[in-house]
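Below is one structure, written out as structure tokens; the observations come after it.
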Amino acid sequence: MNQLLEKRGLRATPHRVRIAQKVLQEHCHFTAEDICGWAGGLKKRLSRATVYNILNEFVAVGLLKSFYSSALGKTIYDSNTENHFHLYDTDKDQILDVDPSLVTVNTSGLKGYRIDQIEILMKGRRR
Ligand SMILES: [Zn+2]
């Protein structure tokens, strides 16, 4: 984990390493509040400011992505930094990654624009 942080220009402080171990070892979607809740239960607690600062640092260096979902009313952090869409499973209260090849978006009607990025969050449940 230390090398991963240092490769991105971040000093591997104990706090950064602890949060990196929590959010980067397995693919996950989470809010800063999720991590604040977890960090508050640690033996060596991390302050909310520390959690927010470190998450934002991770986004700035490309270790995490973040997006604000107006549908969910919150900012989501994502350890998958590849291009992908999202499906929010309303029954499971869980965000799933969706391969962009599974979704067709027709932007041909947007004359005069070059689309650089498309972000989609769908809501649904299993049939
Ligand atoms: Zn995702």
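A few points about this structure:
- Any hit, the stretch 3-23, residues being of a type in the set (D, E), touching a strand residue (DSSP E or B) at 6+ places or on another chain (Cβ under 9 Å), more than 16 Å from the ligand (Cβ to nearest atom) and not assigned by TED's automatic domain parsing to the domain that holds D97: no
- Verdict on H15 being free of Cβ contacts under 8 Å to residues at least 40 places away in the same chain, buried (at least 17 other Cβ atoms within 10 Å of the Cβ) and not small (G, A, S): no
- Those helices (runs of 4 or more DSSP H) of the stretch 1-98 in which at least 2 residues are of a type in the set (V, I, T) and more than 30 Å from R126 (Cβ to Cβ), considering only elements entirely within it, cover 14-24, 48-60.
Yes/no per residue for (1) of a type in the set (A, V, I, L, M); (2) under 18 Å from the mean Cα position of the chain (by Cα); (3) at pLDDT below 95:
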{"position": "S70", "(1), (2), (3)": "no, yes, yes"}
{"position": "D91", "(1), (2), (3)": "no, no, no"}
{"position": "N106", "(1), (2), (3)": "no, no, yes"}
{"position": "G109", "(1), (2), (3)": "no, no, yes"}
{"position": "G112", "(1), (2), (3)": "no, no, yes"}
{"position": "D116", "(1), (2), (3)": "no, no, yes"}
{"position": "E119", "(1), (2), (3)": "no, yes, yes"}
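- Set T107, T31, T81, T50: member being among the β-branched types (V, I, T), surrounded by fewer than 11 Cβ atoms within 10 Å (Cβ to Cβ) and free of Cβ contacts under 8 Å to residues at least 60 places away in the same chain: T107
- Within the stretch 56-78, considering residues that are touching a residue at least 40 places away in the same chain (Cβ under 8 Å) and polar (S, T, N, Q), the one farthest from G9 (Cα to Cα): S69
- Residue within the stretch 46-66 that is more than 15 Å from the ligand (Cβ to nearest atom), basic (K, R) and not assigned by TED's automatic domain parsing to the domain that holds E119 present: yes
The values are calculated or read from the model by the stated rules, or taken from the named source; none is laboratory data. Treat the numbers as computed from the prediction; the structure is a model and nothing was measured. Cβ atoms come from the backbone with ideal geometry, glycine included; neighbour counts cover every protein chain shown.
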